[in-house]
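What follows is one structure encoded as structure tokens, with my remarks underneath.
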Amino acid sequence: MRARREAIAALKAQRAEAARFRRSVTLMAMSVVAPGSAQLVAGHKKTGKIALGIYGGLLGVTALVLWLVPLQDLAGLAVRPWLLTAFKLLAFGVAAAWVVLLLDAWRLGHPPGLNQKHRLIMIGATLALAAMVSTPFVVAARYATAAHDAVVEMFPSGEVAAASDGRLNILLLGVDAGDGRVGVRPDSINLVSIDVRTGEPAMISLPRNLENARFADGTPADDEFPRGFSGDGEGDASDYMLNATWTFGEENPELFEGPSGPGPTAVKQAVEGTLGVPVHYYVAVDLQGFRDIIDAIGGITIRVNEELPIGEKGRVLEPGLQELDGYHALWYARSRESSSDYARMARQRCVLGALVDQADPQTVLSNFVDLADASKSVITTDIPQQDLANLVGLAMKAKDQDITSLQFVPPLIVPADPDIGLIHDEVDALLDGDAKPAPSESAPSESSAESEEQPADEPAEQPAGEPSEDRPSEDRPSEDRPSDESSEEPDDEPRDEPSQDEDDPADPVEMSSACSYE
């Protein structure tokens with residue numbers, strides 16, 4: 001009988017232990033599913049009601065926002081510094097409160113009453129669940145911090161520019177101020193014009209070696225150079241090309257006053273006067289750090305139409321569909337062995353198009369922190385924080401639309417003596433919708449000779465009638481050529497004027513007809 005009573009007591013104790021363990025597990029599970037419910041069930045009704053009320057309120061507000069607020073408006077909220085700070089604090093607060101409720105649920109499970117095995121299980125489960133529920137909020141807070149820092153560091157406070165004739169014009173500059181280079185000289189100069197009503201984008205490219213650029217009417221620089229930016233035969237001609245205006249502005253700040261700084265203001269005024277349209281903002285990307293941005297989004301996919309040399313070691317980018325990391329994407333955009341400046345302009349447009357085409361929300365979010373960190377160090381702009389929300393919405397409108405592109409290259413213009421009136425007419429026709437994109441089957445090619453050898457279905461890069469300029473590497477100064485892979489970067493020295501054998505001007509083309517990403 002004694003043995004029987006001991007067995008029954010042991011069984012009851014075992015069942016009681018199992019019941020306590022189940023209760024502890026249940027309380028923990030309830031705290032994960034609905035924080036505060038464990039406290040409500042365990043008799044701590046006030047705490048439970050407050051926690052459940054806050055939890056239900058947050059869920060309800062989140063559901064209403066996702067249901068009622070358009071995606072572009074949500075994206076616009078994500079660039080407001082005060083809101084990012086509030087969201088970061090809220091995320092940390094929710095994570096901390098949830099962890100506290102989990103620990104309280106573990107306490108309510110009366111861990112001292114459990115055996116050692118169950119106590120260890122509950123401790124491990126509590127820590128794992130605390131990490132599980134807090135991690136999403138910590139990650140969200142980290143994203144908010146990265147976005148806040150990027151907005152504050154990259155974008156100044158200032159006045160919002162009003163669109164002109166329904167379009168907002170943003171100047172995109174690829175600048176190179178690396179070691180051994182005198183001043184800042186934009187390597188690529190593109191104006192992106194977006195219809196603020198439809199989001200329809202157009203890209204206008206100017207060659208960096210354009211001479212006699214006009215400055216905007218009524219500016220001090222226009223009074224200084226009434227016949228265009230020129231040294232009137234004095235000094236080096238390269239000091240008066242379009243890409244020299246930044247350095248000229250830095251050297252003559254009295255001519256280029258404004259919040260953007262003398263260098264960017266000089267380029268903006270030169271592009272504005274040359275194209276005949278206002279330039280509202282500029283964005284300059286340091287080409288030495290450009291590859292960091294490409295790497296931050298995981299690379300880009302581009303179809304390379306012809307073999308492109310990389311440095312002096314016989315290495316090349318092979319033709320075909322290529323997954324390019326930042327290093328090779330930079331070479332694709334800037335390599336000019338057996339190529340012309342204008343071919344480089346076309347490839348640079350392709351890289352920009354690839355970024356727009358492939359930087360989808362999922363890719364950006366998955367690489368957001370790296371992308372924000374890279375952008376802070378390589379991008380300068382005068383876009384004010386106050387206009388970011390509007391620009392994000394505009395960018396989302398433009399995201400899924402074809403980019404119509406117009407390049408001012410020979411034979412459309414002669415860079416050494418451009419017809420400014422013709423440039424104004426072509427730009428007006430493009431932005432008014434009078435210029436029709438060239439069909440894909442007549443997409444521009446590197447040169448007429450190369451076009452004959454190229455398959456009919458092969459995407460091409462160059463405007464129709466694009467002249468080619470082959471300059472052997474041995475003819476170039478040795479200091480312009482990279483010596484090893486660690487220091488290899490495409491050079492940035494002016495080239496001779498290409499020959500002009502064609503008479504028909506290049507037509508505007510859809511970006512997709514000149515570039516292929518699949």
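Things to note:
- The one condition in (1) modelled with pLDDT under 95; (2) open to solvent by 40 Å² or more (accessible area, probe 1.4 Å) that ARG214 fails to fulfil: (1)
- Residues of region 38-70 satisfying the condition of being over 19 Å from MET28 (Cβ atoms) and outside any helix (DSSP H, G or I): VAL69, PRO70
- Every residue from region 382-402 that is within 13 Å of ILE194 (Cβ to Cβ) and among the small types (Gly, Ala, Ser): GLY393, ALA395, ALA398
- Near pairs, Cβ below 9 angstrom, 6+ apart or cross-chain, from region 228-255 (under 10 Å from VAL184 (Cα atoms) and open to solvent by less than 60 Å² (accessible area, probe 1.4 Å)) to any residue that is among the acidic types (Asp, Glu) and in a loop (DSSP other than H, G, I, E, B): ASN243/ASP492
- The sole residue among GLU474, GLU446 that is closer than 29 Å to ILE310 by Cβ and either open to solvent by 60 Å² or more (accessible area, probe 1.4 Å) or at pLDDT 50 or above (or both) is GLU474.
- If only residues of region 23-56 that are basic (Lys, Arg) and surrounded by fewer than 13 Cβ atoms within 10 Å (Cβ to Cβ) are counted, the one that is farthest from LYS117 (Cα to Cα) is LYS46.
- Exactly one residue out of VAL316, VAL304, VAL364, VAL351 is touching a residue at least 24 places away in the same chain (Cβ under 8 Å), aliphatic (A, V, I, L, M) and touching a Pro at 6+ places or on another chain (Cβ under 7 Å), and it is VAL304.
- Positions within region 114-133 being without any contact (Cβ under 8 Å) to a residue 40 or more places away in the chain and buried (at least 19 other Cβ atoms within 10 Å of the Cβ), in sequence order: ALA130
- Scanning region 92-113 for residues that are modelled with pLDDT under 90 and either open to solvent by 90 Å² or more (accessible area, probe 1.4 Å) or in contact with a Gly (Cβ under 7 Å, 6 or more places away or on another chain) (or both) returns ARG107, HIS110, PRO112.
- Neighbours by Cβ (under 8 Å, 6+ apart or cross-chain): first from region 197-223, of a type in the set (Lys, Arg); second buried (at least 18 other Cβ atoms within 10 Å of the Cβ) and part of a strand (DSSP E or B): ARG208/ARG185; ARG208/PRO186; ARG208/ASP187; ARG208/SER188; ARG208/ILE189; ARG208/MET241
- Residue list for region 55-114, restricted to those being of a type in the set (A, V, I, L, M, F, W, C) and in contact with a Lys or Arg (Cβ under 8 Å, 6 or more places away or on another chain): LEU114
- The residue that is least open to solvent (accessible area, probe 1.4 Å), counting only those in region 319-356 that are modelled with pLDDT of 85 or more and of a type in the set (D, E, K, R), is ASP325.
- Filter result for LEU89 (open to solvent by 50 Å² or more (accessible area, probe 1.4 Å) and under 26 Å from the mean Cα position of the chain (by Cα)): no
- Taken together, the criteria place VAL277 among residues that are closer than 21 Å to ARG208 by Cα and in a loop (DSSP other than H, G, I, E, B).
- The sole residue among VAL392, VAL364 that is open to solvent by 10 Å² or more (accessible area, probe 1.4 Å), under 16 Å from the mean Cα position of the chain (by Cα), modelled with pLDDT of 80 or more and among the aliphatic types (A, V, I, L, M) is VAL392.
- Residues (touching a Gly at 6+ places or on another chain (Cβ under 9 Å), open to solvent by less than 60 Å² (accessible area, probe 1.4 Å) and closer than 27 Å to ASN209 by Cα) located in region 370-389: VAL378, ILE379, ASP382, ILE383
- Tally of residues being modelled with pLDDT under 80 and either hydroxyl-bearing (Ser, Thr, Tyr) or open to solvent by less than 10 Å² (accessible area, probe 1.4 Å) (or both) across region 278-294: 1
- Evaluation of ARG20 against (1) open to solvent by less than 70 Å² (accessible area, probe 1.4 Å); (2) within 30 Å of LEU120 (Cβ to Cβ); (3) more than 37 Å from the chain's Cα centre (by Cα) (one fails), failing number: (1)
- Answer from VAL409, VAL427 - the residue that is crowded, with 18+ Cβ neighbours inside 10 Å and either modelled with pLDDT under 80 or assigned to a loop (DSSP other than H, G, I, E, B) (or both): VAL409
- The criterion of being closer than 25 Å to ILE194 by Cβ, of a type in the set (Asp, Glu) and touching a strand residue (DSSP E or B) at 6+ places or on another chain (Cβ under 9 Å) does not hold for GLU307.
The values are calculated or read from the model by the stated rules, or taken from the named source; none is laboratory data. Nothing here was measured: the structure is a model prediction, and the numbers come from that model. With ideal geometry, Cβ positions are generated from the backbone for all residues, glycine too; neighbour counts draw on all protein chains shown. Just the protein is used for accessible areas: all its heavy atoms, side chains included, with ligands, DNA and RNA removed. Shrake-Rupley method; radii C 1.70, N 1.55, O 1.52, S 1.80 Å.
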